[in-house]
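Below: the structure, in structure tokens.
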Amino acid sequence: MAENSWAKAGGVDDRCEIYGSKGFTRADLLRGNSLLTYSDEGYGYAVEKAGSTRGYTFTMFEEIWNYGFPQEMRHFCRCVRGFEKPIETGEDGREVIKIICAAYQSAGTGQRVEWPYEPPAVERPIDLWKDISS
């Protein structure tokens with residue numbers, strides 16, 4: 001069954017629903033970037049890191065675009081060609097590493113880490129969390 005009408009008031013409701021004997025999927029094309037899907041048996045790929053596709057899942061469409069990979073690569077290429085300045089700098093990257101080290105150290109010690117923070121010298125950042133001697 002397909003329905004559509006220019007007479008429908010209240011704004012566009014642009015969606016598609018498909019029902020089968022063992023499940024359904026529904027796409028809201030205006031207000032979402034995934035399909036609400038239900039499957040008794042499960043199906044193939046839904047989205048990165050989805051452990052199972054049985055029951056209700058949110059099947060991603062346009063996943064690569066929604067994660068921003070094409071936009072990221074375009075920005076990188078434009079920076080290499082000298083058309084843009086990097087949005088993120090080396091200094092930004094260093095601060096991110098400090099945040100990661102502080103999180104590992106806090107998890108390892110069970111204590112709050114004060115900022116500004118200078119990580120202790122370790123071979124690998126995760127050594128601040130894990131006891132590598134065991």
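The values are calculated or read from the model by the stated rules, or taken from the named source; none is laboratory data. If you're wondering where the values come from, they're calculated on a predicted model, not measured in any experiment. Please note: Cβ atoms are built from the backbone with ideal geometry, for glycine as well, and neighbour counts cover all protein chains shown.
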| Are there any pairs, at least 6 apart or on different chains, whose C-beta atoms fall under 6 Å, with the first in segment 94-120 and within 14 Å of K130 (Cβ to Cβ) and the second assigned to a loop (DSSP other than H, G, I, E, B) and among the aromatic types (F, W, Y), and if so, which? | Y104/W129; A107/W129; G108/W129
| request: Could you tell me whether segment 29-42 includes any residue that is assigned by TED's automatic domain parsing to the domain that holds D127 and of a type in the set (D, E, K, R)? | output: no
| From V96, V12, V80, residue being modelled with pLDDT of 85 or more, of a type in the set (V, I, T) and either touching an Asp or Glu at 6+ places or on another chain (Cβ under 6 Å) or over 30 Å from E118 (Cβ atoms) (or both) | V80
| task | Test each condition in (1) of a type in the set (K, R); (2) surrounded by 10 or more Cβ atoms within 10 Å (Cβ to Cβ); (3) not assigned by TED's automatic domain parsing to the domain that holds E114 for R81 and report the one that comes out false. | result | (2)
| field | Neighbours by Cβ (under 7 Å, 6+ apart or cross-chain): first from segment 71-91, free of Cβ contacts under 8 Å to residues at least 60 places away in the same chain and in a loop (DSSP other than H, G, I, E, B); second surrounded by 10 or more Cβ atoms within 10 Å (Cβ to Cβ) and among the basic types (K, R) | value | E84/R78
| message | For R112, only one of the following conditions fails: (1) exposed (fewer than 10 other Cβ atoms within 10 Å of the Cβ); (2) under 26 Å from D14 (Cα atoms); (3) touching a helix residue (DSSP H, G or I) at 6+ places or on another chain (Cβ under 7 Å); (4) not β-branched (V, I, T). What is its number? | response | (2)
| message | Could you check segment 30-60 and list, in sequence order, the residues that are exposed (fewer than 10 other Cβ atoms within 10 Å of the Cβ) and either on the phi > 0 side of the Ramachandran plot or touching a Leu at 6+ places or on another chain (Cβ under 8 Å) (or both)? | response | K49
| note | Counting only residues that are in contact with a helix residue (DSSP H, G or I) (Cβ under 8 Å, 6 or more places away or on another chain) and closer than 30 Å to G10 by Cβ, segment 24-64 contains a total of 2
